[in-house]
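This report refers to the structure that appears directly beneath it.
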Amino acid sequence: MIPAAAALFAAAGLALHPALSADRRVWLIAALGGLAVVSLAWALVMRWTTPLAWALALLGAEYAAWLAARGVDVDTRAPLYAAGLLLTAELAFDGLERSVVRSDVEVVARRGLQLAGFAVGAVAVGSVVLAAATIPVGGSVALTVLGVAAATLALALIARLAQ
Amino acid sequence: MTRSLSSKLTVYAGLAGLGLLAALAAGRPELAVMAAPFAFLVCAGLILGGDPRVEVSVDLDRARALEGDELTLRIVLRAARTVSKLEALLLLPPGLSLAEGENPVAIRLPRDEPRTLELRLRCERWGGYVVGGVLIRAQDAFGFYAYDARVEPDRELKVFPREEALRGLIRPQETQVFAGDEVSRRRGEGIEFADLRQFAFGDPVRHVNWRASARRNQLWVNERHPERNTDVVIFLDTFTEVRRDGSSTLDLAVSAAATLASRYIRRRDRVGLVSFGGLLRWLRPGTGLVQLYRIIDALLDTEIWLNYAWKDIDVVPARTLPPQALVIAVTPLLDERSVRALLDLRARGFDLAVIETSPVPFADPGESEVERLAFRLWKLRREALRSRYHAAGVAVVEWGDGSPLERAIQEVTAFRRHARLARV
């Protein structure tokens, strides 16, 4: 119950920030955020993964819409948002689990530490990626194709490892 | 251990891919930043994950217990890799319940450090159990994979029915030839005074009753009752049972049978068992502790087997029912086959007493007038059935849950004191 409530709280926070700070397309951003929170609540009540995935994707879409409305400036708080999204996802998956199994205190304490570690790690990884993205290397079609190939390769690698 | 993929992995991989592609399509590095932690976590989880190879061993502090006892079960867990969350569920058969401890429970299991889960189990019902079945689920640190295993139960536990306290037992009409604790109705060497008779050639001098001899001016000797053993056959009716709220007529019957067998064997009588039901089982009369364990083991395996075949007393092997044996039937008097078989036994001259494990408290009288009428008629039919036994000189006493067996034994004894044997 506690992880589910925390996940909803975190999702609401993530949804509110872009909706309140947007100058344009406020209704679209707010609608995306609201849909994400409702979808997450539905997922937690019904204990379904599919609406949860949709909720996370909608939060990402809301952020993307907010970025598009914002202009060309790079959002330096993106690593924080990424950490928030990861925390929301982790808490939501914890909330999906049936609570019939009573966890040891050690398990709960270590899980709390792990979540904190994930958040810090997400900020660190996000900052590295953001720093790498801001290095001026110029843009070209070849580089974009290389990026798409790298992304596809990464996904293929993940799929291969998961088998 | 069986590995299964969590939906979390799919969702995270999907989000990572979607974010990276969206970042490329929109030309926004922030979206790649958002996707990066998910991608990083997926890669780390896939690389670091692996079968934790959890070993489970289950130990019971004892293999025998009495109904109502509590015993300790220990589950020792050991893993080749650290498991951040290991869920363990002990599978408890019906008849055993958890008295203390958590089941299921989630723990952290460090590598090569065994952890022991201690659970207190309460033996709710008599019977033979195989315990120790455990379901375990180990999750990797990132929650992407679950490793499941099932440990099959292999610890045998016998829960004996709790004995009732008895002050007296049903005295058989005839005794056997071996020494025992039952004062025989015959005369011979013994302690209990029986009668006086005139001295006959060969009588030992120590049997002479000097006071009576002096009064009558001729030698008179004391006659005594010898102490002999008896043959007791416990006749358990297992054709049918009535069950309600976890208790049944069969439970009562087994408890009574165990108590009687134990008490008779303790006084050196030979005790046999006939389980007369859908499945016929028997134990020839014997004495001693081994025989007691044989009987208890047979009782623990007692079950109701549905069978429509007509059975009478002829199917019971002759040597199981020795002549002059006391037959104590423990029956709910519900199945016509056992009712007939008992009357047949009586007709063959066996000394019979019936302890009726009354099904009446287990039956619902109903709510409507018709249902209550049917219930009253059913009770009247049972009364009529008891009268048939009484007419044949057989003591039938009702015994139900909550009342002591001692009361039923005393009722049988009182009936037999005044009843006369009748020909059926």
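Selection of the range A:77-95 for residues being within 21 Å of B:Ser6 (Cα to Cα) and out of contact with any Pro (no Cβ under 9 Å at 6 or more places or on another chain) yields A:Leu87, A:Thr88, A:Ala89.
For every residue, the table says whether it meets (1) of a type in the set (Gly, Ala, Ser); (2) over 15 Å from B:Thr331 (Cβ atoms).
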{"position": "B:Ala257", "(1), (2)": "yes, no"}
{"position": "B:Ala261", "(1), (2)": "yes, yes"}
{"position": "B:Ile265", "(1), (2)": "no, yes"}
{"position": "B:Val271", "(1), (2)": "no, yes"}
{"position": "B:Ser275", "(1), (2)": "yes, no"}
{"position": "B:Gly278", "(1), (2)": "yes, no"}
{"position": "B:Trp282", "(1), (2)": "no, yes"}
{"position": "B:Thr287", "(1), (2)": "no, yes"}
{"position": "B:Ile295", "(1), (2)": "no, yes"}
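Looking only at residues in the range B:21-37 that are more than 7 Å from chain A (Cβ to nearest Cβ) and modelled with pLDDT of 85 or more, the one that is farthest from the chain's Cα centre (by Cα) is B:Ala23. Of the residues examined, B:Glu55 is not one that is at the interface with another protein chain (Cβ under 8 Å from one of its Cβ atoms), of a type in the set (Asp, Glu) and without any contact (Cβ under 8 Å) to a residue 40 or more places away in the chain. The residue list B:Glu156, B:Glu100 contains one member that is under 29 Å from B:Ala65 (Cα atoms) and within 14 Å of chain A (Cβ to nearest Cβ), which is B:Glu100.
When the residues of the range A:120-161 are filtered to those that are modelled with pLDDT of 85 or more and under 21 Å from B:Ile47 (Cβ atoms), the one that is farthest from the other protein chains (Cβ to nearest Cβ) is A:Val120.
For every residue, the table says whether it meets (1) modelled with pLDDT under 90; (2) not assigned by TED's automatic domain parsing to the domain that holds B:Leu299.
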site: B:Val177; (1), (2): yes, yes
site: B:Gln198; (1), (2): no, yes
site: B:Asn209; (1), (2): no, yes
site: B:Trp220; (1), (2): no, yes
site: B:Gly246; (1), (2): yes, no
site: B:Ser262; (1), (2): no, no
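Of the residues B:Ala395, B:Ala408, the single one that is in contact with a helix residue (DSSP H, G or I) (Cβ under 6 Å, 6 or more places away or on another chain), surrounded by 13 or more Cβ atoms within 10 Å (Cβ to Cβ) and in the same structural domain as B:Leu252 (by TED's automatic domain parsing) is B:Ala395. Restricted to the range B:334-360, and to residues there that are under 22 Å from B:Arg244 (Cβ atoms) and in contact (Cβ under 8 Å) with a residue 60 or more places away in the chain, the residue that is nearest to the chain's Cα centre (by Cα) is B:Thr357.
Tell me, yes or no, whether the range A:90-97 has at least one residue that is touching a residue at least 12 places away in the same chain (Cβ under 8 Å) and more than 11 Å from chain B (Cβ to nearest Cβ). Yes: one or more hits.
Within the set B:Phe362, B:Phe350, the sole residue that is surrounded by 15 or more Cβ atoms within 10 Å (Cβ to Cβ) and over 27 Å from B:Thr230 (Cβ atoms) turns out to be B:Phe362.
Within the range A:96-145, the set of residues being among the small types (Gly, Ala, Ser), within 19 Å of the chain's Cα centre (by Cα) and closer than 28 Å to A:Ala41 by Cβ comprises A:Gly112, A:Ala116, A:Gly117, A:Ala119, A:Gly121, A:Ala122, A:Gly126.
The values are calculated or read from the model by the stated rules, or taken from the named source; none is laboratory data. For clarity, every value in this text was computed on a predicted model and none was experimentally measured. Note that we place each Cβ from the backbone using ideal geometry, even for glycine, and neighbour counts take in every protein chain shown.
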